[in-house]
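These notes concern the structure reproduced below.
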Amino acid sequence: MIVAAALPLVAEHGAAVTTGRIARAAGIGEATIFRVFADKDELLDACVAEAVSPDHVLRELASVDLELPLAERLAEAADAMRAHLERMGTVLGALHASGRQRGRPDGERPAPADRDASARSLRDAVSELIEPDRGALRLPVEKVAALFLATLFAQLRGGALGGEDSPTPAELTDVLLHGALRQPGSRPV
């Protein structure tokens with residue numbers, strides 16, 4: 001409850017947000033924060049952990065209707081992934097912009113096993129969305145899921161979150177499923 005109330009404030013104010021403001025947003029007394037967290041840094045670390053956790057996006061992926069056509073399922077998955085990465089970037093960016101360095105000691109990064117587990121859980125969730133169309137695919141479901149995620153992450157990492165040349169989720173899934181070449185007899189876009 002405290003972290004959920006704090007996240008939008010951290011995204012807006014970064015490390016400059018006060019525990020008093022967070023307490024008001026959570027509807028609790030400020031002292032309650034310090035019964036749960038040792039200090040503000042520990043609360044901010046909890047916010048970072050929540051922002052980077054794949055749990056929210058995994059729930060969104062699990063809620064995609066498997067009766068939809070594959071292209072629509074993947075477009076919804078792309079939207080969910082974009083929203084997750086934008087939320088993560090907003091929180092981390094606000095903390096960095098407000099002068100707060102990462103809560104980890106210098107040079108320490110998340111354990112590779114944690115990153116691998118997160119990547120596997122995302123690939124598995126996308127694989128579940130693709131599974132109903134296994135028979136129509138020329139590649140294994142897991143490979144298509146990995147290609148989908150790699151394409152999406154490459155697009156987002158390249159700063160293509162906006163702009164008129166940035167592919168929409170529907171365009172991204174269309175190219176993944178049908179390629180970039182025009183079919184014989186079709187008109188140019």
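Each value in this text was obtained by applying a stated rule to the coordinates, not by laboratory testing. Fair warning: this is a prediction, and the values are worked out from it, not measured in the lab. Cβ sites come from the backbone with ideal geometry, for glycine too, and all protein chains shown count toward neighbours.
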| Nearest 10 degrees, 0 to 90: helix 169-178 Cα axis against the chain principal axis | 40
| task | Towards the positive end of the charge dipole of segment 1-141, with charges on Cβ (+1 Lys, Arg; -1 Asp, Glu), say which of Ala51, Pro140, His13 has the farthest Cα. | result | His13
| request: Starting from the Cα of Asp114, step 7 Å along the direction of its Cβ; do the same at Thr18; then give the gap between the two resulting points in nm. | output: 3.1
| remark: Nearest 10, in degrees from 0 to 90: the angle of helix 70-97 to the longest Cα principal axis of the chain is 30
| said: Given R₀ = 25 Å, what would the calculated FRET efficiency be for Ser166 paired with Glu72, taking r from the Cβ atoms and rounding to 0.05? | reply: 0.80
| query | Quick one: Karplus J couplings for segment 130-139, per residue in order, coefficients 6.51, -1.76, 1.60, θ = phi - 60°, nearest Hz, x for Gly and Pro? | reply | 8, 3, x, 10, 3, x, 8, 8, 9, 10
